[in-house]
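The values are calculated or read from the model by the stated rules, or taken from the named source; none is laboratory data. These figures come from a predicted structure and were not determined experimentally. All Cβ positions, even for glycine, are placed from backbone atoms using ideal geometry, and neighbour counts span all protein chains on display. Accessible surface areas use protein heavy atoms only, side chains included; no ligands, DNA or RNA. Shrake-Rupley method; radii C 1.70, N 1.55, O 1.52, S 1.80 Å.
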Amino acid sequence: MQDKKVPVLYRIIRWLVWLFAPKFKNVGTENLPQEPCVIVGNHSQMYGPIEGELYTPGKHYIWCAGEMMHREEVPEYAFNDFWSGKPACTLWFFRLLSRLVAPLSELIFTSAHTVPVYHDQRLITTFKESMKLLSEGNSMVIFPECYDEHNNVVHEFQDKFVDLARFYYKKTGIALSFVPIYVAPYLKTVFYGAPVQFDPQAPIAAERKRICNYLMDAITEMAAAQPVHTVVPYPNLPKSRYPKNLPLEVYSNENTDL
């Protein structure tokens with residue numbers, strides 16, 4: 001990973017996160033190709049990005065919401081994405097909190113190894129920066145879930161990240177691989193699955209669908225292969241509503257504390 005001059009405060013925050021957050025172990029890293037790839041996983045709220053920054057092997061950068069890198073854009077984005085579903089009587093507090101965290105958010109997300117992701121005309125900068133970093137030997141780590149539910153393990157993927165492979169193939173003639181990961185905070189483990197390779201001869205719309213479906217299915221299968229445990233979902237839900245890694249009818253008669 002490229003050396004990067006970062007503020008002392010960020011180094012302290014990073015150390016504190018490492019100290020208090022779950023210590024993830026990686027299982028299945030033999031599935032990572034030698035060349036740069038795109039590592040795609042379930043967001044698992046804050047745990048996916050933490051795992052990406054601290055525990056993903058090799059040179060890599062993480063796609064991150066660009067709004068979290070601009071102080072003036074943080075309050076609206078943070079409130080809508082993290083706290084808008086809180087009880088109505090507490091919304092005033094979370095609106096205030098979203099403003100208070102703006103300077104810290106800007107510091108953290110501009111100091112970490114991140115690529116800003118936008119959903120407006122600035123999207124071209126996301127792809128340009130990603131292409132540059134891939135060409136320098138870095139992999140991309142992406143957590144593309146949205147709020148549409150797919151199953152008990154993963155939400156639907158926003159699919160435009162697959163276009164990275166189209167641009168990369170045009171530039172290098174190399175077909176990128178996408179590696180699925182299942183982030184399991186309650187197991188303190190990240191599971192790496194078998195990669196799927198981009199097909200440059202297929203229509204891009206078909207490739208978006210094929211690759212996203214493969215990745216969501218692979219993540220679901222990796223989760224289902226583990227002992228019964230709690231899945232940390234993408235939405236910021238009360239813990240009492242967190243799902244399990246298996247359908248209710250499978251685990252309801254089992255005893256588990258995970």
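Side notes on the structure shown:
- Distance from the range 100-127 to the range 194-251 (C-alpha centre basis), Å: 25
- Equivalent ellipsoid of the range 114-225: semi-axes from √(5λ) of the C-alpha gyration tensor, largest first, are 24, 16, 15 Å.
- Taken per residue, the accessible surface of the chain reaches 51 Å², heavy atoms only and a 1.4 Å probe.
- Under the combined filter of DSSP loop state and at most 13 neighbouring Cβ atoms within 10 Å, the range 85-180 retains these GluC sites (Glu not before Pro): Glu136.
- Solvent exposure ordering (accessible area, 1.4 Å, most first) of Lys244, Lys128, Lys188: Lys128, Lys188, Lys244
- Cβ-placed point charges (K, R +1; D, E -1), dipole of the range 38-131 about Cα centre in debye, nearest 20: 80
- For the chain: relative contact order, % (alpha-carbon pairs under 8 angstrom, 6 or more apart): 26
- Ellipsoid semi-axes in whole angstrom, largest first, where each is sqrt(5λ) of the Cα gyration tensor of the range 1-91: 28, 17, 15
- Sequence ranges 194-201, 60-67, ranked by mean other-Cβ count within 10 angstrom, highest first: 60-67, 194-201
- The chain - percent of accessible surface contributed by carbon and sulfur, probe 1.4 Å: 57
- Loop-located trypsin sites (Lys or Arg not before Pro) across the range 1-51 with a Cβ neighbour count of 12 or fewer within 10 Å are Lys4, Lys5, Lys23, with loop assigned by DSSP.
- Averaging 1/r over every pair of different alpha carbons in the chain and inverting the result gives a Kirkwood radius of 19.2 Å.
- Sites Glu72 and Tyr10, calculated FRET efficiency, Cβ-Cβ separation with R0 25 Å, nearest 0.05: 0.80
- Compared with the alpha-carbon gap, the fully stretched path from Asp120 to Gln34 is longer by 27.6 nm at 0.36 nm per residue.
- Under the criterion of Cα pairs below 8 Å and six or more residues apart, the relative contact order for the range 126-203 equals 19 percent.
- Put simply, the range 92-178 fits an ellipsoid with semi-axes of 28, 19, 11 Å; these come from the alpha carbon gyration tensor as the roots of five times its eigenvalues, largest first.
- Beta bridge orientation in the chain: antiparallel %, DSSP, nearest 5: 35
- Relative protection proxy for 114-124, 219-229, from highest mean packing down: 219-229, 114-124 (other beta-carbon atoms within 10 angstrom).
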